[in-house]
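Everything below concerns the one structure shown next.
Since every read-out is calculated from the coordinates, none of them should be taken as a lab result. In this text, all values refer to a predicted model and were calculated from it rather than measured experimentally. All Cβ positions, even for glycine, are placed from backbone atoms using ideal geometry, and neighbour counts span all protein chains on display.
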Amino acid sequence: MAAWTDVTAFDPRAWAARRAPGPVLHLDSAAAGRPSLATLEATAAHARREAELGAYVAQERATDVLAGLRSDVAGLLGVAPGGVAFVESASAALAALLASWPLPADGRVGVVGPEWGPNLEAFERRRLRPVELATDEAGRIDVAALEQRLATDPPALVHLTHVASHRGLAQPVAAAAAACRSAGVPLWVDAAQAIGHVDIATGADAVYATSRKWLTGPRGVGVLAVAEQSWDRLDVPRSAMLSSDLPAPAYLESHEAHVAGRLGLAAAVREYLADGPDAVAARLDEVGRLTRERLAEVPGWTVVDQQAASGAITAIRPASGQDVLAVRARLLETHRIVTTACLPARAPREMREPYLRISPHVDCTPDALDRLADALADVDDV
Ligand SMILES: Cc1ncc(COP(=O)(O)O)c(C=O)c1O
């Protein structure tokens, strides 16, 4: 297998050197990435300042760093800084959107088959009806069919999960956003697996994500962004406790929050910007390709979407009846390799069986993939 190539401008070994070495082979960034030492230090330093100065004084003193974070995240998400609200998770962001964006009762939400299952549940709880939009064979939205649908029978909302959780699939979000914009139908985007992974400044009306995956920020921090043309339509919970002249998305921000985590995210985002989002995306794409190539050689497993997949998430399905939950546990306990067993609830409209998910970050090496391949063969022998 090929060793490091120079498709990227930065050195993944420097990325690895910024992190504490761990006792496991971590191939699970789609669950939660490994934060850098600078991210851990920024988080811990703020927690310490909270203890020394009082939490609210510490927060006041961090005003400039937090404003820098808002502006960095706004740049990544492609909105004005006033459109960004920090919350606790991607799910919390979607809940805030659903609570504040007026939508007709029993309205239809256009989705595609690979949609993240808990999002479908959130729509149904809000009494919205998910309806399926046309895709290509791989599950990517068919933009020409979308344009036609928007012209003839538009849903109240289109929702796309930019990068799927359970397999290596990215949606053509920028093209879908342009189609939705010209039809006047809002597009919301779940970028939980996309932020820090691919370009997410796509022109969608709302986009939300989490700190802890590909950005390798702390847990417990999520981001929500609303494009400026939609601020006025938000029905937000204003409070006399807050100044009355903030942009509407500010009222969606959680005020009792993991502020130390936000400081950690500020450090993680700075590192990501210094590495270069395009360079990181190119390297992650290469890592995914190398992973799929190596795992295609492992007997007893089939790579999902070997041809159509992109990005650094790889799914493999058991070809000889293996129990994916047991394999995941054996990989961890016996081989000290961290992966995820994806159950069909992650994407109930298309998954029929569990997959094993492998999601290395930019520091993945050919040796690491050989170790995984050997471990899978060993686990199969049992
Ligand atoms: C595509 C996708 N959307 C949403 C989420 C939920 O994110 P959170 O746990 O931050 O709410 C995840 C988490 O894995 C995800 O993969």
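Here is how the numbers come out for the structure above:
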item	result
FRET efficiency, 1/(1 + (r/R0)^6) with R0 56 Å, evaluated for GLU256 and ARG13 via beta carbons	0.90
For region 199-206, Karplus couplings with θ = phi - 60° (6.51, -1.76, 1.60), whole Hz, Gly/Pro x	6, 10, 7, 10, x, 5, 6, 9
Förster radius 35 Å - calculated FRET efficiency between ALA145 and LEU242, Cβ distance, rounded to 0.05	0.20
Euclidean distance between Cα centres, region 142-194 to region 257-307, Å	23
Residue-span extension gain [ARG125 to GLU60] - 0.36 nm each, minus C-alpha spacing	19.6 nm
Computed FRET value (nearest 0.05) for ARG181 with ALA279, which takes r as the C-beta separation and R₀ as 35 Å	0.75
Sorted peptide list for 151-157, 363-369, criterion being average Cβ within 10 angstrom, highest first	363-369, 151-157
Gain on full stretching of the segment that runs from GLN229 to ALA138 - 0.36 nm per residue minus C-alpha separation	29.5 nm
For SER89, distant residues with modelled amide H under 5 Å away	GLY222
Scattering profile of the chain at q = 0.12 Å⁻¹ [log10 I(q)/I(0), Debye over alpha-carbon scatterers]	-0.94
For ILE337, distant residues with modelled amide H under 5 Å away	LEU25, LEU332
Within a Gaussian network of the chain (alpha carbon springs, distance under 10 Å), most fluctuating of VAL143, VAL87, VAL226	VAL143
Most fluctuating residue given options ALA42, ALA204, ALA308, as computed from a GNM of the chain linking Cα atoms under 10 Å	ALA308
Gaussian network model of the chain, Cα within-10 Å springs - most flexible of PRO130, PRO218, PRO237	PRO237
Between region 311-382 and region 38-80, the alpha-carbon center distance in angstrom	36
Per-residue ³J(HN,Hα) for region 152-159, Karplus 6.51 cos²θ - 1.76 cosθ + 1.60, θ = phi - 60°, Hz, x for Gly and Pro	10, 8, x, x, 6, 7, 10, 10
Within region 13-35, backbone nitrogen closer than 15 Å to the virtual label 7 Å beyond the Cα of LEU332 toward Cβ	23-33
Per-residue Cβ neighbour rank within 10 angstrom, fewest leading, TYR56, TYR208, TYR251	TYR56, TYR251, TYR208
Computed [θ] at 222 nm, deg cm²/dmol, the chain (DSSP H ≥ 4; -39,500 (n - 2.57); rounded to nearest 500)	-12500 deg cm²/dmol
Mean separation of Cα contacts under 8 Å, 6 or more apart, over the residue count of the chain: relative contact order %	24
Per DSSP, loop GluC sites (Glu not before Pro) in region 224-275 with at most 13 further Cβ within 10 Å	GLU256
In order through region 272-282: 3J(HN,Hα) via Karplus (6.51 cos²θ - 1.76 cosθ + 1.60), integer Hz, x for Gly, Pro	4, 5, 5, 5, x, x, 5, 5, 5, 4, 5
